[in-house]
Amino acid sequence: MNAISGVSTPPAPAGSDAASNAFPPERVWPGLAHAARAIGVPLEGEAAARFAQYQELLLTHSVRFNLTAIREPHEIERRLFLDAVAMVPALDAAVAAIPLPAGQAHSLVDIGTGAGFPGLVLKIVRPALDVTLIDATAKKVSFLRTVIAALKLDTVGVVHGRAEDLGHDPAFRARFDVATARAVANLPVLLEYVVPLLKIGGTALLPKGLEIDEELRTGNRAAAHLGAAIVSDARLPVDGTRLIIASKCAPTPGAYPRRVGIPSRSPLGERS
Ligand code: SAH
């Protein structure tokens, strides 16, 4: 593997080439707390301790629950935790744009969260958020319940279900300020899953690889069908990730999301 434990390297200076890819695999891994600080998201309160517990639970449950192919401690920190931590500045900006009455928490939904990525990571870094984690696989939902109890997190719920169904359930439709989804489907499909769940004025944060020009074309068309628009596709300061940001500007027509399986079989925006 690429990391030598216990040896730390200073972060790349901001503005350098390396800053757009702050922790490439060949660099010695400085540890999650250091890496998070270097990209402008210092871990506060109980976050560092919670990440350590979460990593431990992933390492012990990954094989049995088929959670993730990433099973090396530093790779969990780098490719699962830090990738999601890198979304926090965009999350903070999205939340700041939606004023709420005092004492009310902003809400976030993560569709196809798997073992909690990125939704549970975002909850650990921003514990005041009211977070709903959704996944279609029972084993993953059961693992998430174990993690949430062990980490003593509150205002985070786990739902076993599919985006296509929950998108028509009044308890979920148009209820959330922010929606995320990572490694679940291509962009038009993701948009059909997440946009119906957003309030008007809400934001979708969708991490993607770098080579997504075609997805962006179909994604733009899909967004228009759903009452949303893609407003940004900036690179994140971590390995090869772009963050697609879409904003919901109008109600989603009642026909969306389409029935289970249709969004992925026949993605919106491919023909018109
Ligand atoms: N987001 C996680 C998991 C990605 S794997 C990560 O980045 O590691 C994709 C997950 O999406 C699987 O756990 C699968 O059960 C879930 N999924 C796929 N389609 C879904 C749908 N339509 N509704 C809800 N969950 C879905």
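Yes/no per residue for (1) more than 29 Å from F172 (Cα to Cα); (2) surrounded by fewer than 22 Cβ atoms within 10 Å (Cβ to Cβ):
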site	(1), (2)
R27	yes, yes
R37	yes, yes
E46	yes, yes
R50	no, no
P73	yes, yes
L91	no, no
P101	no, yes
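Only one of these is crowded, with 22+ Cβ neighbours inside 10 Å and out of contact with any Lys or Arg (no Cβ under 6 Å at 6 or more places or on another chain): A179, A255. Name it. Working first, answer last.
Details: A255 fails: crowded, with 22+ Cβ neighbours inside 10 Å.
Just one listed residue meets the conditions, A179.
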Considering only residues of the stretch 65-113 that are in contact with a Pro (Cβ under 9 Å, 6 or more places away or on another chain) and part of a loop (DSSP other than H, G, I, E, B), which is nearest to the ligand (Cβ to nearest atom)?
M87
Out of the stretch 223-251, which residues are of a type outside the set (A, V, I, L, M), touching an Asp or Glu at 6+ places or on another chain (Cβ under 9 Å) and under 19 Å from K199 (Cβ atoms)?
H225
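Would you say T203 is more than 20 Å from P267 (Cβ to Cβ), at pLDDT 95 or above and either crowded, with 24+ Cβ neighbours inside 10 Å or within 16 Å of the ligand (Cβ to nearest atom) (or both)? Reasoning before the result, please.
Working: more than 20 Å from P267 (Cβ to Cβ): yes; at pLDDT 95 or above: yes; either crowded, with 24+ Cβ neighbours inside 10 Å or within 16 Å of the ligand (Cβ to nearest atom) (or both): yes.
Yes; evaluated as a whole, the condition is true for this residue.
Matching residues to (1) within 30 Å of A171 (Cβ to Cβ); (2) in contact with a Leu (Cβ under 6 Å, 6 or more places away or on another chain):
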{"site": "T68", "(1), (2)": "yes, no"}
{"site": "E77", "(1), (2)": "no, yes"}
{"site": "V88", "(1), (2)": "yes, no"}
{"site": "I98", "(1), (2)": "yes, no"}
{"site": "A115", "(1), (2)": "yes, yes"}
{"site": "P127", "(1), (2)": "yes, no"}
{"site": "V131", "(1), (2)": "yes, yes"}
Sole exception among (1) in contact with a Gly (Cβ under 9 Å, 6 or more places away or on another chain); (2) more than 28 Å from I39 (Cβ to Cβ); (3) surrounded by 19 or more Cβ atoms within 10 Å (Cβ to Cβ) for L190, by number
(2)
Name the pairs: first residue in the stretch 114-134 and more than 13 Å from F176 (Cα to Cα) and within 10 Å of the ligand (Cβ to nearest atom), second residue in a loop (DSSP other than H, G, I, E, B) and modelled with pLDDT under 95, Cβ to Cβ under 6 Å, at least 6 apart or on different chains?
A115/L67; A115/T68
Just to be sure I understand the filter: pairs with C-beta atoms under 7 Å, separated by 6 or more residues or on different chains, first member in the stretch 38-62 and within 15 Å of L120 (Cβ to Cβ), second member of a type in the set (S, T, Y) and outside any loop (DSSP other than H, G, I, E, B). Which pairs pass?
L57/T146
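Test E215 against the criterion of being acidic (D, E), modelled with pLDDT under 95, surrounded by 18 or more Cβ atoms within 10 Å (Cβ to Cβ) and out of contact with any Ser or Thr (no Cβ under 9 Å at 6 or more places or on another chain), and give yes or no.
Details: acidic (D, E): yes; modelled with pLDDT under 95: yes; surrounded by 18 or more Cβ atoms within 10 Å (Cβ to Cβ): yes; out of contact with any Ser or Thr (no Cβ under 9 Å at 6 or more places or on another chain): yes.
For E215, the condition - acidic (D, E), modelled with pLDDT under 95, surrounded by 18 or more Cβ atoms within 10 Å (Cβ to Cβ) and out of contact with any Ser or Thr (no Cβ under 9 Å at 6 or more places or on another chain) - is met.
Filter the stretch 165-183 down to residues that are within 9 Å of the ligand (Cβ to nearest atom) and either within 14 Å of L198 (Cα to Cα) or without any contact (Cβ under 8 Å) to a residue 24 or more places away in the chain (or both), then give me how many there are. Spell out how you get there, then give the answer.
So in the stretch 165-183, the residues within 9 Å of the ligand (Cβ to nearest atom) come out as 165-166, 180-183.
After this cut, where a residue has to be either within 14 Å of L198 (Cα to Cα) or without any contact (Cβ under 8 Å) to a residue 24 or more places away in the chain (or both) as well, the list is 166, 180-181.
Of the residues in the stretch 165-183, 3 are within 9 Å of the ligand (Cβ to nearest atom) and either within 14 Å of L198 (Cα to Cα) or without any contact (Cβ under 8 Å) to a residue 24 or more places away in the chain (or both).
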Report whether or not G157 is surrounded by fewer than 19 Cβ atoms within 10 Å (Cβ to Cβ), under 18 Å from R258 (Cβ atoms) and either near the ligand (Cβ under 10 Å from one of its atoms) or within 17 Å of the chain's Cα centre (by Cα) (or both).
no
Which pairs turn up if I take residues in the stretch 246-272 that are at positive phi and look for partners that are within 14 Å of the ligand (Cβ to nearest atom) with beta carbon separation below 7 Å, at least 6 apart in sequence or on another chain?
G269/P188
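The values are calculated or read from the model by the stated rules, or taken from the named source; none is laboratory data. The structure displayed is predicted, hence computed values, not measured ones. So basically every Cβ, Gly included, is an ideal-geometry build from the backbone, and we count neighbours across all protein chains shown.
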